[in-house]
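The values are calculated or read from the model by the stated rules, or taken from the named source; none is laboratory data. Owing to the predicted nature of the structure, the values given are computational and were not obtained by experimental measurement. All Cβ positions, even for glycine, are placed from backbone atoms using ideal geometry, and neighbour counts span all protein chains on display. Only protein heavy atoms, including side chains, enter the accessible area calculation; ligands, DNA and RNA are left aside. Shrake-Rupley method; radii C 1.70, N 1.55, O 1.52, S 1.80 Å.
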Amino acid sequence: MSEKDDFKKSGEISRKARDYAREICVVGMKHIDLVEKVEKKIIQLGGKPAFPVDVSIDSVAAHQTPNVGDTKVLEKGQVVKVDIGAHVNGCVTDTAVTVLLGPDWKDLKKAADDALKAAIEQSVPGNKIRNIGKAIEAAIKNHKYQTIANLSGHGIGQWIVHDAPSIPNYDNGDDTKLEEEQTIAIEPFATNGVGAVKDGKPDGVYRLLERRPVRLDSVRKVVSYIEKEYMTLPFSPRWLTHLQNYQFALRILEQEGVIKQYTELPEKSGGMVAQAEKSVMVGYGVLT
């Protein structure tokens, strides 16, 4: 298959995994069961996870994901953002859905959904990137909410989840024009807070930064596995439990700057957050 075909197949898998996640995201389910079921679904559909599935709750906008031994369960009334990525031969697609576990926050979710719809309409060859952000901001403000200005959509590529260009959630003045066949992920966030996120606690998701010589054989085996299986894509310690001393190896690799750990991204003022996301191939339509 061509690279374009791989992106289309990846998008189909991400879309089906998102729909599956929406179905099984119910009160009482453990976070770790949700993410592992969705990751397994991606594999069953013929892809691989492009990053660990996120289950971000209420005021956490993104990057909240369970790790080994996590016992948290989904609770009534929560606003749950499920962020999913798949890849086929490294061609990444990215998508997310907000699931409401109670009767509240319907208009907040609709604000994010409407913003995504408006942004997709702007995602055509020759249009300026700033016009996507302008459409997102207008749709969210129409519902009397704020967009999260320091989160953005992004380019997606082969073995790259976050690539250029940045796809803003407001009019940032970027006059760069979209190009035919460019692959991008559009992800508006709506909040009743101040409209910004801050760095939270470490989330237990890592990414390989660069391969450096390491002294211990057990650590070398772990980093060799990471490089072979995930290359530059984010990964979870949940995926390494079959490797001896993997937790120790991760600590050493992080200390030496070989891998980077991400952090959760809560809304600065504790505002509630809804998210919607789809991947687009410019000129060819929605992939996810």
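Per-residue 3J(HN,Hα) values for region 170-182, derived from phi via the Karplus relation 6.51 cos²θ - 1.76 cosθ + 1.60 with θ = phi - 60°, read 7, 6, 9, x, 7, 8, 4, 9, 5, 10, 3, 6, 5 Hz in sequence order (x marks Gly and Pro).
Here's the picture: charge each Lys and Arg Cβ at +1 and each Asp and Glu Cβ at -1 in region 155-233, and of Trp159, Val214, Tyr170 the one pushed furthest to the positive end of that dipole is Val214. Between Ile186, Ile136, Ile120, where does the largest GNM mean-square fluctuation fall for the chain, given springs only between Cα atoms within less than 10 Å? Per the Cα network of the chain with a 10 Å cutoff, Ile120 tops the list. To the nearest ten degrees, helix 129-142 and the longest principal axis of the Cα atoms of the chain are 70 degrees apart. GNM on the chain, alpha-carbon springs under 10 angstrom: the most fluctuating residue among Glu180, Glu39, Glu267 is Glu180. Note on region 240-288: Rg/Rh from C-alpha atoms, Kirkwood Rh, equals 1.22. Given +1 at the Cβ of Lys and Arg, -1 at the Cβ of Asp and Glu and no other charges, the dipole of the chain around its Cα centre is 480 debye to the nearest 20.
Suppose the chain between Asn89 and Lys228 were pulled fully straight at 0.36 nm per residue; how much longer would it get relative to their current alpha carbon spacing? Don't skip to the end; give the middle numbers.
On the way: separation 139, 0.36 × 139 = 50.04 nm, distance 1.29 nm.
That works out to 48.7 nm of additional length.
Annotation: amide H of Phe189 within the under-5 Å range of Ile148, sequence separation 5 or more or interchain, hydrogens built in the peptide plane. Relative to the longest principal Cα axis of the chain, at what angle does helix 217-230 sit, 0 to 90 degrees, rounded to 10? Tilt relative to the chain: about 30 degrees. Enclosing the Cα atoms of region 1-103 in their convex hull gives a volume equal to 87 cubic angstrom per residue.
Between region 176-230 and region 56-127, what is the separation of their alpha carbon centroids in Å? Region 176-230 and region 56-127 have Cα centres spaced 17 Å from each other.
To the nearest 20 debye, what is the magnitude of the charge dipole of region 167-245 about its Cα centre, counting +1 on the Cβ of each Lys and Arg and -1 on the Cβ of each Asp and Glu? Please report the intermediate quantities before stating the final value.
Numbers: 11 positive and 13 negative charges, 181 e Å.
Magnitude of the dipole: close to 880 debye.
If you run the Gaussian network model on the chain, springs between alpha carbon atoms under 10 Å, then out of Arg220, Arg22, Arg207 the most flexible one is Arg220.
In this structure Thr232 has an accessible area near 60 Å², from a 1.4 Å probe over the protein heavy atoms.
Using θ = phi - 60° in the Karplus curve 6.51 cos²θ - 1.76 cosθ + 1.60, the 3J(HN,Hα) couplings for region 278-288 round to 9, 9, 10, 9, 4, x, 10, x, 6, 8, 10 Hz; x is entered for Gly and Pro. Once the 1.4 Å probe is applied to the protein heavy atoms, region 142-208 comes out at 45 Å² accessible per residue. Under 5 Å between amide hydrogens, built in the peptide plane, is the criterion, and for Phe51 it picks out Gly85 among residues at least 5 positions away or on other chains. Taking the 0 to 90 degree range and rounding to the nearest ten, how far is the long axis of helix 246-255 tilted relative to the main principal axis of the chain, both from C-alpha atoms? So the helix axis and the longest Cα principal axis differ by about 70 degrees.
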